[in-house]
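Undergrad: Have a look at this one.
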Amino acid sequence: MKRVEKITSIQLLTMIFITKLFFFMMYTPKMEIGMESTVYMIGQLCSIPFIFLSLLPFYYLNTNLPNYNIMECGKKVNFKFGKIIGMLYYFYMIFSVVNTLINFDFYLSSAVYPESKSYLFIIIITAACAYCGVLGIEPLARFSGFVIIALIISGAMIFLPLVSKVNLSFIHIPRDMGLKDFAKAVYMGIISNNEIVFLYIFADKIKGNASKGIGKYILTSVGFYELVAFFTVAIFGAYEKTVLFPLYSLSGVASLSILERTESVHVAIWVFVAFVKLSLLLIAAGKLLTGFIKMGLDKGVIISSAISLILALLISKSFKILHYIRIFMYTGVLFGIFIVVLPTMVAVSVKINGVRKN
């Protein structure tokens, strides 16, 4: 049976939103002790126009070379240039897979199953996602539709019971908020959108207009962040500064008549989110690998999975390395390189050389 290769832009954006939820489930609405979470909430809202600006290279490439991914756009300018671009994005995908795996392991082995052997989580999730990656992006897109439905239902189960527990007196704008804190909050709002990279990698797999729905996606993702941040602050107050996994903690506070506690629902959703993100990353890695090494997507996914698994198992044992990776992720270097600099280089090269789709 021939694999269906094309998906709609809405399906891709749905998967991108699910991968974005991995960030929401792992981190607090703030990044630094001493800075109020409400400052970050304001910063997120103010970051919206800058996120749109960061996508200008994508809009340009999508207009001049529609249905071409970032590597193919580079190859239209110069074949070697395109292969180098593809290799750089491939290394980024491998890094992202490893980072996701060790964070997945950290979450389950510290918050959910502290007595378990953590390496088992990494091996099992990698094997499952590798199998999904071999099947291709279209089955993953269909599965993501069911995940979104589950997310809506579980979100209602967690947030609706919390409404009665909200304390609005915890929500306030600090009087001593300086320009530096505000600028940092806006910056964090911008660089926390690394998932945009999937638009560049899977642009050739989208049927129709690849830009359709991007605006709604950005507003939805920022809106969900504001929702999580609001409930975290309004429920925990000053204690929210010590909350490591906000959604998990909120699910523990929520209670329904049919369920005394909703942590089990949250953990199930967490696994689905991690599965979609890792599968999409492995498909992206396999796809890029086939762009500069002649092989099938299946082999590309399997090779990428094996490399990621070995690295993750080695790194997961070192909390020091994990700490440094987290610090590096918040510098914005990856966002700057793979969302701004490289796409801009390709877009400028396309413009200078007058490259257009034949």
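Just so it is clear, none of the values below were taken in a lab; they were calculated from the coordinates. From a predicted model like this one, the values you see are computed outputs, not experimental measurements. Positions of Cβ are generated from backbone atoms using ideal geometry, with glycine treated the same way; all protein chains shown enter the neighbour counts.
Undergrad: Highest first, please rank the peptides 122-134, 85-97 by the mean number of other Cβ atoms sitting within 10 Å of their residues.
TA: 85-97, 122-134
Undergrad: Hey, another quick one. What are the ³J(HN,Hα) couplings of region 142-151, residue after residue, when phi is run through the Karplus curve with 6.51, -1.76, 1.60 and θ = phi - 60°? Round to Hz, x for glycine and proline.
TA: 5, 5, 4, x, 5, 5, 4, 4, 5, 5
Undergrad: Would you order Asp181, Asp298 from fewest to most other beta-carbon atoms within 10 Å of each residue's own beta-carbon?
TA: The most exposed by this proxy come first: Asp298, Asp181.
Undergrad: Something else: Tell me, Ser54, Ser318 in order of fewest to most beta-carbon neighbours within 10 Å?
TA: So the residues, fewest neighbours to most, are Ser318, Ser54.
Undergrad: Something else about it: Please give me the summed charge of the neighbours of Leu151: other residues whose Cβ is under 14 Å from its Cβ, Lys and Arg +1, Asp and Glu -1.
TA: In short, +2.
Undergrad: On to the next question. Counting other C-beta atoms within 10 Å, which of Ser9, Ser279, Ser169 has the fewest, and how do the rest follow?
TA: Ser169, Ser9, Ser279
Undergrad: If you don't mind, there's one more thing I want to ask. Could you please report the charge total around Cys46, scoring K, R as +1 and D, E as -1 over all other residues with beta-carbon less than 13 angstrom from its beta-carbon?
TA: -1
Undergrad: While we're here: Normalised by the residues of region 267-339, what does the relative contact order come to in percent, with Cα pairs under 8 Å and at least six apart?
TA: That works out to 19 percent.
Undergrad: Looking at this model, which pairs from Lys75/Lys277; Lys75/Lys287; Lys212/Lys277 are more than 23 angstrom apart at the alpha-carbon?
TA: The pairs that break the limit, which is 23 Å between Cα atoms, are Lys75/Lys277.
Undergrad: Using the structure shown, select from Lys294/Lys351; Lys20/Lys205; Lys83/Lys205; Lys20/Lys294; Lys184/Lys351 the pairs with a Cα to Cα distance greater than 22 angstrom.
TA: The pairs that break the limit, which is 22 Å between Cα atoms, are Lys294/Lys351; Lys20/Lys294; Lys184/Lys351.
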